[in-house]
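The values are calculated or read from the model by the stated rules, or taken from the named source; none is laboratory data. Here the structure is a predicted model, which means the values were calculated and not measured. Here Cβ is always computed from backbone atoms with ideal geometry, including for glycine, and neighbour counts include all displayed protein chains. Protein only, heavy atoms only, side chains kept; ligands, DNA and RNA dropped before computing areas. Shrake-Rupley method; radii C 1.70, N 1.55, O 1.52, S 1.80 Å.
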Amino acid sequence: MNARLAAAWALLPEYLGWHVLLSASALLLGVAISLPLAVAASRSARLRWPVLAGASLIQTIPSLALLALFYPVLLAVSALSLRLVGRGFPALGFLPSLLALTLYSMLPILRNGAAAILGVDRAIREAADGVGMTPRQSLFQVELPLAAPVIMAGVRTAAVWTIGAATLSTPVGQTSLGNYIFAGLQTENWVFVLFGCAASAALALIADQLLGLVEAGARKRSRGLTLAGLAGLAVGVALALLPLASFGKPGSYVIGAKNFSEQYILADLMAQRLQAEGASVQRKEDLGSAVAYRALAAGEIDAYVDYSGTLWTNVLQRADNPGRKPVLDQLTAELKRRDGVVVLGSLGFENAYAFVMRPDRAAALHIASIADLAREAPHLTLGSDLEFLSRPEWKAVQAAYGLAFKTQRSYQPTFMYRALTGGEADVISAFSSDGRIAADHLVVVSDPKAAIQPYDAVVLISPKRAQDARLLAALKPMIGKVSVEAMREANLSVDRDQRKATPAEAATALRKRLGL
Amino acid sequence: MAGAIELTGIEKRYGGHVALAGVSLAVQPGEFTALVGGSGSGKTTLLKTINGLVTPDAGEVRVQGEGAADQPPHLLRRKIGYVFQEIGLFPHLSVAENIAITPKLLGWAPDRIGPRVAALLELVALPSEVAGRAPSELSGGQRQRVGVARALAAEPKIMLMDEPFGALDPLTRDQLGADYRGLHERLGLTTLMVTHDMAEAVLLADRIVVLSAGRIVADGRPAELLAKTTDPEVRALLEAPKRQADRLRAKLGEAP
């Protein structure tokens, strides 16, 4: 427990720095856009409705989806700008997070701003006209100062929302306090999850209190209070950003990982080997499946581990299954030709989708193959991970065996196993390298028609690092070295309930076991 | 000599409602004129056409010989004092800052504004220590005194007042009315005051203009107005304060 807490503390300066940088920038940008819009909305009834309705509409989009949507949009814009002006920009990480959070912060500022300006007493507006103010002087000398406390209350709400929602920028590749939560959820490291929640809550509370000071200053017309609040905010932001100054040096390698334990472990393994060569390494974790490949092709990450079947169906849009070796060979040739991506080679194990059941249940229903499963499926519940049901593999299996379940439920991978052992699901879409299959003595249902594509774990290198000697030297020795048993054991050490290892510890153990 | 305020054929409509149906009126410099009429008679609308708070649909407004439509409204308003019933002091500014607002807008030097604020507080009979206070710390009467001081700050020759003392208690109202009349004399102002209180109009004004349904129905000195008007409604309006005084005397008995 103490070791995990220490690990969490050690990551805090980096995570907090990014979280503060991201939320403060989004809030500032949000205020800069929302305030003029609020003024315009208060001046024109015709503008008021569409502006406020638009902001409300954005608020109804789940914040995680809003963040995710900006990635493809930015990717398209970046490609366009590359074609038009010869320069692209990163579509992953800070920019999509900043834009989504900015949009997200606007509603309370807009709504409070317009209401506050409209709420200024009619007699006071008339007096402002009567003493000879221009509309602009009336706005800046009378209406805005009087509306300031209510506007500040809106900024406070926006700050709390933004800081909370910023934890969701982790899956689009932006480091934040959300890294604790996402990584913790995957590896059932509850210390990390709670630490991330507590840190983000504490940050939101502190920001809220300091902004509250500014609001009180505006309400009581006390310049001292306002300045104290602003100074507190400035000092806080500056302190939080200090650790970032030494971070992200150019020339460092960026290793990507999707959102499950095996990916964290392999990313750590690659990072450790690079660091052993004296390179500095950054991590982008918890990337979505499609996001990870596109980020690599765009050069935003330098290397990560993907699976041949995933690339075969998602990237090459293939539904057929010519066999393990042909898939790997065609992938290597096609990805190089299409995107310049280097398939360095297979690590030596497969992490395929596999239908897995509890042994007692499989025996009772006489299920050994997917064909048997298809017979009983109308009475059974399938538990799957969040993406399986929308993947082509699922359609291929359905087509090959005529599989149709009574109920289908989606879970985070960790909870999927819980659902199986707890009986809420009869069969789950597991991963063949998962340590929990052996640990829980689960039965893998066979696939006689070979409907599910091979899923060899392969190391991918971005086009711009294709000739990078140090990267190749660090990663090449891993090829063909990782057995499925070794990987299962490493996965289990992170996923199990007792004596849990961190992904970094598991990576170290794996590296030593394999002599890397 | 040109009049201080000249209104010619002013018309104003709000949707289907006619607020002003062709009003012409000339006010001479130094005159204290009361605009009287029931609610909806158009007296406030007429007053606001003079400083551009209301733009007439037709007709011409001239202030001190200049067409009101020929200049930006905010520049016109800086030359005209404006006092209204709700007062409209700026709650985020101190009393002194409220009074100094128009001189500041006109770009007066600070060393001219300071003494001016002090002089105005004295002029409206407020103690100098209220200068630093917030408007919310003052009584209603004190607030309207600040309102008058603010209107006078940039040394306008013309004052427009819309029911200025309407919300005050009778004693304060009487005192403030008399004090203002004194200021009008001392500063040589031209004052146009809207009121629905005929007694106040008779006591303060040199001239009474009666409006009804957007038209002027009577215009003259209080005494001659009563003598010459034939309109029964105007007559009733003019006789009201006299009847009230008689009834009061009967109820309270003759004063010793």
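At a glance:
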| item | result |
| --- | --- |
| Enumeration of residues in region B:197-256 that are within 17 Å of residue B:27 (Cβ to Cβ) and aliphatic (A, V, I, L, M) | B:201, B:204, B:205, B:208, B:209, B:210, B:211, B:216, B:218, B:225 |
| Index of the failed condition, residue A:458 passing every other in (1) open to solvent by 10 Å² or more (accessible area, probe 1.4 Å); (2) closer than 24 Å to residue A:288 by Cα | (1) |
| Unique match (being facing chain B (nearest Cβ under 8 Å) and touching a residue at least 24 places away in the same chain (Cβ under 8 Å)) among A:139, A:146 | A:146 |
| Residues located in region A:280-302, provided they are touching a Phe, Trp or Tyr at 6+ places or on another chain (Cβ under 7 Å) and open to solvent by less than 10 Å² (accessible area, probe 1.4 Å) | A:286, A:292, A:296, A:302 |
| Those residues of region A:381-407 which are within 30 Å of residue A:286 (Cβ to Cβ), in a helix (DSSP H, G or I) and of a type outside the set (A, V, I, L, M), in sequence order | A:388, A:390, A:392, A:393, A:394, A:395, A:398 |
| Subset of region B:200-224 that is over 18 Å from the mean Cα position of the chain (by Cα) and surrounded by 21 or more Cβ atoms within 10 Å (Cβ to Cβ) - its residue that is farthest from residue B:35 (Cα to Cα) | B:214 |
| Residues located in region B:107-139, provided they are within 14 Å of chain A (Cβ to nearest Cβ) and either in contact with an Asp or Glu (Cβ under 8 Å, 6 or more places away or on another chain) or open to solvent by 80 Å² or more (accessible area, probe 1.4 Å) (or both) | B:133, B:136, B:137 |
| Residues of region B:85-97 classified as at the interface with chain A (Cβ under 9 Å from one of its Cβ atoms) and under 17 Å from residue B:144 (Cβ atoms), total | 8 |
| Tabulated pairs, region A:45-70, first within 25 Å of residue A:290 (Cα to Cα), second outside any helix (DSSP H, G or I), C-beta under 9 angstrom, 6+ apart or interchain | A:67/A:174; A:68/A:288; A:69/A:61; A:70/A:91 |
| Options A:238, A:231, A:245, A:333: the member that is part of a helix (DSSP H, G or I), modelled with pLDDT under 85, out of contact with any Pro (no Cβ under 6 Å at 6 or more places or on another chain) and surrounded by fewer than 16 Cβ atoms within 10 Å (Cβ to Cβ) | A:245 |
| Those residues of region A:398-444 which are more than 17 Å from residue A:260 (Cβ to Cβ), within 29 Å of the chain's Cα centre (by Cα) and surrounded by 18 or more Cβ atoms within 10 Å (Cβ to Cβ), in sequence order | A:425, A:427 |
| Conditions (1) free of Cβ contacts under 8 Å to residues at least 60 places away in the same chain; (2) within 24 Å of residue B:33 (Cβ to Cβ); (3) surrounded by fewer than 20 Cβ atoms within 10 Å (Cβ to Cβ): number failed by residue B:169 | (2) |
| Any chance residue B:248 is free of Cβ contacts under 8 Å to residues at least 40 places away in the same chain and either within 17 Å of residue B:166 (Cβ to Cβ) or open to solvent by 40 Å² or more (accessible area, probe 1.4 Å) (or both) | yes |
| Residue within region B:172-182 that is part of a helix (DSSP H, G or I), open to solvent by 20 Å² or more (accessible area, probe 1.4 Å), in contact (Cβ under 8 Å) with a residue 60 or more places away in the chain and under 27 Å from residue B:241 (Cβ atoms) present | yes |
| Among the candidates A:322, A:378, residue that is outside any helix (DSSP H, G or I), more than 27 Å from residue A:489 (Cα to Cα) and open to solvent by 10 Å² or more (accessible area, probe 1.4 Å) | A:322 |
| Hey, residue A:158 free of Cβ contacts under 8 Å to residues at least 40 places away in the same chain, more than 24 Å from residue B:73 (Cβ to Cβ), among the small types (Gly, Ala, Ser) and more than 14 Å from every other protein chain (Cβ to nearest Cβ) or not | no |
| Top-ranked residue of region A:68-91 - restricted to ones that are of a type in the set (Phe, Trp, Tyr) and surrounded by 15 or more Cβ atoms within 10 Å (Cβ to Cβ), ranked as nearest to residue A:299 (Cα to Cα) | A:71 |
| Only one of A:93, A:119, A:132 that is among the small types (Gly, Ala, Ser) and away from chain B (no Cβ under 14 Å) | A:93 |
| Check on residue B:40, under 30 Å from residue A:120 (Cβ atoms), within 14 Å of another protein chain (Cβ to nearest Cβ), of a type outside the set (Lys, Arg) and under 19 Å from the mean Cα position of the chain (by Cα) | no |
| Selection count where residues are away from chain A (no Cβ under 14 Å) and hydrophobic (A, V, I, L, M, F, W, C), scope region B:54-84 | 3 |
| Selection from region A:211-228 of residues that are open to solvent by 80 Å² or more (accessible area, probe 1.4 Å) and charged (D, E, K, R) | A:219, A:220, A:221, A:223 |
| Any pair with Cβ under 6 angstrom, 6 or more apart, that starts in region A:349-361 at a residue that is under 21 Å from residue A:397 (Cα atoms) and ends at one that is assigned to a strand (DSSP E or B) and among the polar types (S, T, N, Q) | A:353/A:429 |
| Residue match in region A:28-49 (condition: aromatic (Phe, Trp, Tyr) and open to solvent by less than 60 Å² (accessible area, probe 1.4 Å)) | no |
| Wholly enclosed helices (runs of 4 or more DSSP H) of region A:119-220 bearing at least 1 residues under 20 Å from the mean Cα position of the chain (by Cα) and modelled with pLDDT of 95 or more | A:144-165, A:190-220 |
| Any chance residue A:109 is touching a residue at least 24 places away in the same chain (Cβ under 8 Å), within 14 Å of chain B (Cβ to nearest Cβ) and under 20 Å from residue A:53 (Cα atoms) | no |
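For every residue, the table says whether it meets (1) basic (Lys, Arg); (2) modelled with pLDDT of 85 or more; (3) within 30 Å of residue B:12 (Cα to Cα).
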{"position": "B:214", "(1), (2), (3)": "no, yes, yes"}
{"position": "B:218", "(1), (2), (3)": "no, yes, yes"}
{"position": "B:222", "(1), (2), (3)": "no, yes, yes"}
{"position": "B:226", "(1), (2), (3)": "no, no, yes"}
{"position": "B:233", "(1), (2), (3)": "no, no, yes"}
{"position": "B:241", "(1), (2), (3)": "no, no, no"}
{"position": "B:253", "(1), (2), (3)": "no, no, no"}
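One line per residue, one yes/no per condition, for (1) open to solvent by less than 10 Å² (accessible area, probe 1.4 Å); (2) without any contact (Cβ under 8 Å) to a residue 40 or more places away in the chain; (3) in contact with a Ser or Thr (Cβ under 6 Å, 6 or more places away or on another chain):
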site	(1), (2), (3)
B:11	no, no, no
B:17	no, yes, no
B:32	yes, no, yes
B:39	no, no, no
B:43	no, no, no
B:51	yes, no, no
